[in-house]
1. Residue by residue through the stretch 100-106, which ³J(HN,Hα) values in whole Hz follow from phi under the Karplus form 6.51 cos²θ - 1.76 cosθ + 1.60 (θ = phi - 60°), with glycine and proline marked x?
2. Dipole magnitude of the chain about its Cα centre, charges +1 at Lys/Arg Cβ and -1 at Asp/Glu Cβ only, in debye to the nearest 20?
3. Calculate, for M72 and S93, the FRET efficiency according to 1/(1 + (r/R0)^6) with r their C-beta to C-beta distance and R0 41 Å; round to the nearest 0.05.
4. Toward the positive end of the charge dipole of the chain, about the Cα centre and with charges on Cβ (Lys, Arg +1; Asp, Glu -1), which of A4, N75, N30 goes farthest?
5. Any idea what diffusion coefficient the chain gets from Stokes-Einstein, in µm²/s, Kirkwood Rh on alpha carbon pairs, 10 °C, 1.306 mPa s?
6. Counting other Cβ atoms within 10 Å, which trypsin sites (Lys or Arg not before Pro) in the stretch 43-102 have at most 11 and lie in a DSSP loop?
7. Pop out the carbon and sulfur fraction of the accessible area of the chain as a percent, whole number, probe 1.4 Å.
8. Write down the accessible area per residue of the chain in Å², having rolled a 1.4 Å probe over the full set of protein chains.
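The values are calculated or read from the model by the stated rules, or taken from the named source; none is laboratory data. Just so we're clear, the structure is a prediction, and the values are computed from it rather than from any experiment. Ideal geometry is used to build each Cβ from the backbone, glycine not excepted, and the neighbour counts take in all protein chains shown. All accessible areas refer to the heavy atoms of the entire protein, side chains included, with ligands and DNA or RNA removed. Shrake-Rupley method; radii C 1.70, N 1.55, O 1.52, S 1.80 Å.
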Amino acid sequence: TSGADVEISDMLAQSVGLQLTKKAGLKKSNVIIGNTAESQRDVLVQPEVLAEKAGAEMVLYVRLEQFELINMHSNQIYSARMLCRGVLLDVKSGQTLWPTNTGSLETDIGIDMMAKGRDAMLSRLCAASAHCIVRNLYTCYKTEYRVNEERSNLNEMIQQDVY
């Protein structure tokens, strides 16, 4: 388990939904955000089955794999890290539509220190994670592709041609 509670998973889902509508240009009516509590109850059910129940043709499945939030001082200064994996699936066939070259896309977001409190930290962490997941699903300008919170090694940046 990631160590994140339902509130954080829901915040991440809302952030991904916002990125899909604002950046990728999907209509709000075409973005269905799953209920995290329901998904946790049906943990053995494949995501495409849950999406089919909701009437979707595709599902962007995002799994929060690692989460860490450290209160560094007086509930105001925090450090955090979030590692997610994303995959776009065809609901009818269950086949992976994206990414095509690997099993899933990994995003690793880290913020060393932020002095605006827990809620601001979680909001920034989820927004950066959502950006890194969705940016490959629309034409994202090279200058906007990377975010400061993203953790990746130099070799990956060179291969992505975004450094």
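1. Once θ is set to phi - 60°, the couplings for the stretch 100-106 become 7, 9, 9, x, 7, 9, 9 Hz.
2. Numbers: 17 positive and 20 negative charges, 91 e Å.
The calculated dipole for the chain is roughly 440 debye.
3. Details: r = 47 Å, r/R0 = 1.14.
Efficiency at R0 = 41 Å is approximately 0.30.
4. Going by the Cα projections, it comes out as N30.
5. On the way: Rh = 16.6 Å.
Result for D is 95 µm²/s.
6. Taking the stretch 43-102 and a limit of 11 other Cβ atoms within 10 Å, the loop trypsin sites (Lys or Arg not before Pro) found are K92.
7. Values: 4800 of 10050 Å².
In the chain, the share of accessible area belonging to carbon and sulfur is 48 percent.
8. On the way: 10050 Å² over 163 residues.
Heavy-atom accessible area per residue stands at 62 Å².
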